[in-house]
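> One structure, as structure tokens, below. Some questions next.
The values are calculated or read from the model by the stated rules, or taken from the named source; none is laboratory data. Bear in mind the structure is a predicted one, so any value in this text is a computation, not a measurement. No Cβ is skipped: glycine too gets one built from the backbone with ideal geometry, and neighbour counts run over all protein chains shown. Ligands, DNA and RNA are excluded from the accessible area calculation, which covers all protein heavy atoms including side chains. Shrake-Rupley method; radii C 1.70, N 1.55, O 1.52, S 1.80 Å.
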Protein chains: 2
Amino acid sequence: MRIEVICTGDEVLTGKIVNTNFSYISQKLEDVGLSVQWETTVGDDRESLLLAFTLAGERADAVIVNGGLGPTVDDLSQEIAAKAAGVDLVLNEEWLARMEDFFRRRNRTITPNNRKQAMLPSTAEIIDNPIGTACGFALDIGRARFMFTPGVPRELRRMLEEQIIPRLLAKSGLQTAIYLKRFHSYGLGESHVDALLAGVADLVPDGSVKLGFRAHYPQLETKLTVRGTDMDDVRGKLGPVEQEVRKRLGNFILGEDDATLEGVVLNELTNRQGSLAIVEMFTSGQVAARVGHLPGAEKVVRRGVISRDLAEVFKAVGLDDALPAGELTRETAEAVASAARRQTGATHALAVLIDLDDGPDRIEFGGTICLAIATEDGAASRRSRILGGREWVRLGAVELGLDCLRRHLQGLPVYERTDFEKV
Amino acid sequence: MRIEVICTGDEVLTGKIVNTNFSYISQKLEDVGLSVQWETTVGDDRESLLLAFTLAGERADAVIVNGGLGPTVDDLSQEIAAKAAGVDLVLNEEWLARMEDFFRRRNRTITPNNRKQAMLPSTAEIIDNPIGTACGFALDIGRARFMFTPGVPRELRRMLEEQIIPRLLAKSGLQTAIYLKRFHSYGLGESHVDALLAGVADLVPDGSVKLGFRAHYPQLETKLTVRGTDMDDVRGKLGPVEQEVRKRLGNFILGEDDATLEGVVLNELTNRQGSLAIVEMFTSGQVAARVGHLPGAEKVVRRGVISRDLAEVFKAVGLDDALPAGELTRETAEAVASAARRQTGATHALAVLIDLDDGPDRIEFGGTICLAIATEDGAASRRSRILGGREWVRLGAVELGLDCLRRHLQGLPVYERTDFEKV
């Protein structure tokens, strides 16, 4: 089945807005085993819209149109859809009633502008938008089924999930039970994980499990898309494959599905009624900023301390006289973490100390990271060297610090060699 | 002149990568008075590429193609460009020599794969890529001039600036002296600034100054695009307009052109050999993270302290016994900032204290922010209430804190009502 996407709007076309709606749509379709073959972006312009609709209607089986359903004069999707389909634009009483209700419940009055949102092509089938006034709809143009969605991301996302994808799956004749299983890891590159997982999808020989990746340094997302006749079938197929992925990636898996590294760390600490002190240098608050604002963190994140200067770090954690000379070491990080723990009374303290290279930013620019985690039972630590420029070092150090804390909290070794560091 | 952009590559089409190259290209063109009329994204697929090139060649005057110039088998741009233009693909000795030199200087050997990057359509004009092995080129397909650029963002950006835009301007017959003047502000919404600046572009009556905006909460960028016969002409036209913008937006302008809020703050402190202590609550390190990692910040950012709990904040800055009861006040923020300054010996201390609403995240969720800046001359402070959900409050508080510090350092009033707060 050939699927196209048409994104509309001057703000997207002129680059004022980065087109994240498109990547979202395309990813979500990939996740259920569908693929977008062609994307077109046009502005709020009658001629361009008509041409885009006509061309896609000649080539595609299904077309998702995003944007142009709003109340203002430059929202043209319904008008041009009617024209391209060769039908009239008529007031849809059903949607008008829905909108009147929507405004009534918010104590607002409906405007003539909003009535425009209920003008639909006469052949349109309504696609429900439960959280907005822009009415989604579907109709045929040329040989394709067009589905119109609003540009507001949360409305689009909800309609895509609940309305569009089921329609596309039905149209494609694909089995409708589809499940996306996700694993998040830190420390292994995409090609390394790809090699480690060689053959796992073949554990289900009928090809109904597909392996994929999404890399966003420093994390990697490993995806298993599983198709089956129903959810029992899907679960049966997924079982042995997900077990094997867990076995092969082992301690590198920091979370699954909607879990995040910072969320896992916060949960581990919350579950044991723990508390956390954080000491940072070059990361300058980025480690604390990942955890500290989360709901529930107010009970866990006891204190964060930042300084770019090691002597000042020592002062801040009450180690005034003990500043060691020479290279940054694991022992120094352990001393700092232990002192921060004593000072704040936290159950856990994480110190991420960084000795940054000199000179201007460049691709070979690096930093030496000594980090330690202190508890009442002592301190664990590791040393690492990351290259790749200032920003790369900073991002890498934040992730390394949080992931070592995650490992410690889960009883895993804090040290395991990653692909991102220089020995 | 009709300009189209074609973005190629499976990673963009499947949504693995968000298409920031397109928004970058389109913005840059808008900045010099050119406009993209149509964008197409296709995958690494011969049939789609050929159709996309052919259709654009029928409609457009100029087409920028992005991606597909790499060394691997799925990089197809040169091959399909030759096919669409009806010419042969031939080895370009000039580019091959450039590549051999590129590899020699890096002590690497050129591979057969890389030789593929020197295979160009016979009618191609080389567009220089001074920082990579992907060769840009231009040729005619249909009625349009096609310009091929690499997908690597830093290579694209350099070539766009140095090679593509001058060619487009020459082709369009626009006056070639074009200048983009930018003002960054915090605290005023786009429609408010638009109203404040009504008529400024008309100070130059011939229409050669264009006003535009780019909003990225909490900051707003105000852009003046100026065209002229030469740079003297441009400067003459810009002069009175930029003066007027500065007058009307006044203290809200935090920087111009490439300046950033955090950079301005760091410069102000560096210039007076100052130093900074930062105390944060719900922003959890985000304020410090904006400044602390910048080159030069190691001399300025003395210490950052984070805690979600006011009692812990008091302890951290050495105010153990003084915790006030009741609502968060400006006086409390002043006491904390003054104590942080005393404790660290910094010339300046910024305290951003936040009392967050209770309950789950929602659009009406808000926070009360009391912030203070302490110096040896005493403390300035302000109170603000921001609504819009947890993330909105957090982003707003970071910006408010940094901007008040900027105002204080520049001798401006720390308090001025913004559009983002509830009185």
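> A:ALA325 - would you say it is open to solvent by 20 Å² or more (accessible area, probe 1.4 Å) and away from chain B (no Cβ under 11 Å)?
The answer is yes for A:ALA325.
> Quick one: in the stretch A:108-126, of everything that is assigned to a strand (DSSP E or B) and hydrophobic (A, V, I, L, M, F, W, C), which residue is surrounded by the fewest Cβ atoms within 10 Å (Cβ to Cβ)?
Residue satisfying both the conditions and the ranking: A:ILE126.
> Find the residue count for the stretch A:243-291, including only residues that are within 10 Å of chain B (Cβ to nearest Cβ) and not in a loop (DSSP other than H, G, I, E, B).
Of the residues in that region, 9 qualify.
> Over 24 Å from A:VAL265 (Cβ atoms) and crowded, with 19+ Cβ neighbours inside 10 Å: does that describe A:GLY366?
Taking the combined requirement at face value, the residue satisfies it.
> Right, another one. B:ALA346: surrounded by 19 or more Cβ atoms within 10 Å (Cβ to Cβ), touching a strand residue (DSSP E or B) at 6+ places or on another chain (Cβ under 8 Å), touching a residue at least 60 places away in the same chain (Cβ under 8 Å) and in a loop (DSSP other than H, G, I, E, B), yes or no?
So B:ALA346 passes the test.
> Do you know which residues across the stretch B:55-73 are within 12 Å of chain A (Cβ to nearest Cβ) and either open to solvent by 10 Å² or more (accessible area, probe 1.4 Å) or without any contact (Cβ under 8 Å) to a residue 60 or more places away in the chain (or both)?
Those that are within 12 Å of chain A (Cβ to nearest Cβ) and either open to solvent by 10 Å² or more (accessible area, probe 1.4 Å) or without any contact (Cβ under 8 Å) to a residue 60 or more places away in the chain (or both): B:LEU55, B:GLU58, B:ARG59.
> Scan the stretch B:186-204 and tell me whether some residue there is at pLDDT below 95 and under 26 Å from B:ILE64 (Cβ atoms).
no
> Against the condition within 14 Å of chain B (Cβ to nearest Cβ), buried (at least 19 other Cβ atoms within 10 Å of the Cβ) and among the basic types (Lys, Arg), how does A:ARG390 come out, does it pass?
Considered against the rule, which asks whether it is within 14 Å of chain B (Cβ to nearest Cβ), buried (at least 19 other Cβ atoms within 10 Å of the Cβ) and among the basic types (Lys, Arg), A:ARG390 comes out as yes.
> Just checking, how many residues over the stretch A:1-37 are at the interface with chain B (Cβ under 8 Å from one of its Cβ atoms) and at positive phi?
1
> Now a separate question. Might you let me know whether the stretch B:292-299 holds any residue that is among the charged types (D, E, K, R) and either surrounded by fewer than 16 Cβ atoms within 10 Å (Cβ to Cβ) or at the interface with chain A (Cβ under 7 Å from one of its Cβ atoms) (or both)?
Checking the stretch B:292-299: at least one residue is among the charged types (D, E, K, R) and either surrounded by fewer than 16 Cβ atoms within 10 Å (Cβ to Cβ) or at the interface with chain A (Cβ under 7 Å from one of its Cβ atoms) (or both).
> Looking only at the stretch A:218-248, count every residue that is of a type in the set (S, T, N, Q) and surrounded by 14 or more Cβ atoms within 10 Å (Cβ to Cβ) and tell me the total.
3
> Shifting gears a bit: Six or more apart or on different chains, Cβ under 7 Å: which pairs go from a residue in the stretch A:76-93 that's open to solvent by 10 Å² or more (accessible area, probe 1.4 Å) to one that's among the hydroxyl-bearing types (Ser, Thr, Tyr)? Could you list them?
So the pair list comes out as A:ALA84/A:THR54; A:ALA85/A:THR123; A:VAL87/A:SER122; A:VAL87/A:THR123; A:ASP88/A:SER122; A:VAL90/A:SER122.
> For A:ASP355, state whether it is surrounded by 24 or more Cβ atoms within 10 Å (Cβ to Cβ) and at pLDDT 95 or above.
No; evaluated as a whole, the condition is false for this residue.
> Any residue in the stretch B:31-38 that is free of Cβ contacts under 8 Å to residues at least 60 places away in the same chain and open to solvent by less than 40 Å² (accessible area, probe 1.4 Å)?
The answer is yes, given that some residue of the stretch B:31-38 is free of Cβ contacts under 8 Å to residues at least 60 places away in the same chain and open to solvent by less than 40 Å² (accessible area, probe 1.4 Å).
> B:LEU211 fails exactly one of the following numbered conditions: (1) more than 30 Å from B:VAL301 (Cβ to Cβ); (2) without any contact (Cβ under 8 Å) to a residue 60 or more places away in the chain; (3) assigned to a helix (DSSP H, G or I); (4) open to solvent by 20 Å² or more (accessible area, probe 1.4 Å). What is the number of that condition?
(3)
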